[in-house]
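Contents: one structure, followed by commentary.
The values are calculated or read from the model by the stated rules, or taken from the named source; none is laboratory data. Worth saying up front: this structure is predicted, and the values here are computed from it rather than measured. Neighbour counts run over all protein chains shown; Cβ positions are idealised from the backbone, glycine included.
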Amino acid sequence: MVRKSKFSSRDLVMTAMLFAMAIALGLFENLLPPLPTPVPLRYGLSNIAVMYALLFLGAPAAFTMALLKSGFAVMTRGLIAGLTSLSGGLVSVACMYLLNRLSGNKASIVALGVTGAVTHNLGQYLFIVMIDYLRLPVLAILPLLLITGVITGLLSAALLKAAEPALKRLHNINRKI
């Protein structure tokens, strides 16, 4: 795993490419059948790009990705969706970053994926509770959010692990440019 203290122009280009990947994954996710739950939940496939950014480009790139994804959500799905995305994204990146730092940068992709997905759901949950959006029975959905967070986190980790060789090649090509 590559660690850098400053955000170089190469990292900016790689972050832009990862953001494009996140958008493509989000669009693909919209084509999939919804998760069979009483409240609308997404698979979180675009978070694969955020996890990669955190692991290989560092925290600034991962936080940038969370901000960009939230901005895109505002433009395509509205303000509440964007703010919900922002709250989940920032909590998720912060928790994955802390887990990785506390483990001496040795946290597994599975641990990071599950932590990221569960805390993303919790961040969104806290935001929804704060605004009391649609007066949902919020306590009733908390266990569902935790369970689906573990499942989608495992899925994201498996997909990132499968895509890791190609992403590393892309990252290495980017370094040569």
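If you go through segment 96-105 one residue at a time, do you hit one that is farther than 17 Å from Ala22 by Cα, within 11 Å of the chain's Cα centre (by Cα), surrounded by 15 or more Cβ atoms within 10 Å (Cβ to Cβ) and of a type in the set (A, V, I, L, M, F, W, C)?
There is at least one residue in segment 96-105 that is farther than 17 Å from Ala22 by Cα, within 11 Å of the chain's Cα centre (by Cα), surrounded by 15 or more Cβ atoms within 10 Å (Cβ to Cβ) and of a type in the set (A, V, I, L, M, F, W, C).
Would you mind stating whether Ser92 is hydroxyl-bearing (Ser, Thr, Tyr), under 23 Å from Ile151 (Cα atoms), in contact with a His (Cβ under 7 Å, 6 or more places away or on another chain) and free of Cβ contacts under 8 Å to residues at least 60 places away in the same chain?
So Ser92 fits the description; yes.
May I ask you to say which residue of Met21, Met51, Met17 is surrounded by fewer than 18 Cβ atoms within 10 Å (Cβ to Cβ) and within 20 Å of Leu160 (Cα to Cα)?
Checking each option against the conditions leaves just Met17.
Conditions (1) modelled with pLDDT of 95 or more; (2) closer than 19 Å to Ala22 by Cβ; (3) in contact with a helix residue (DSSP H, G or I) (Cβ under 6 Å, 6 or more places away or on another chain); (4) not basic (Lys, Arg), marked per residue:
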{"residue": "Met65", "(1), (2), (3), (4)": "no, yes, yes, yes"}
{"residue": "Thr76", "(1), (2), (3), (4)": "no, yes, no, yes"}
{"residue": "Leu90", "(1), (2), (3), (4)": "yes, yes, yes, yes"}
{"residue": "Ser108", "(1), (2), (3), (4)": "no, no, no, yes"}
{"residue": "Asp132", "(1), (2), (3), (4)": "no, no, no, yes"}
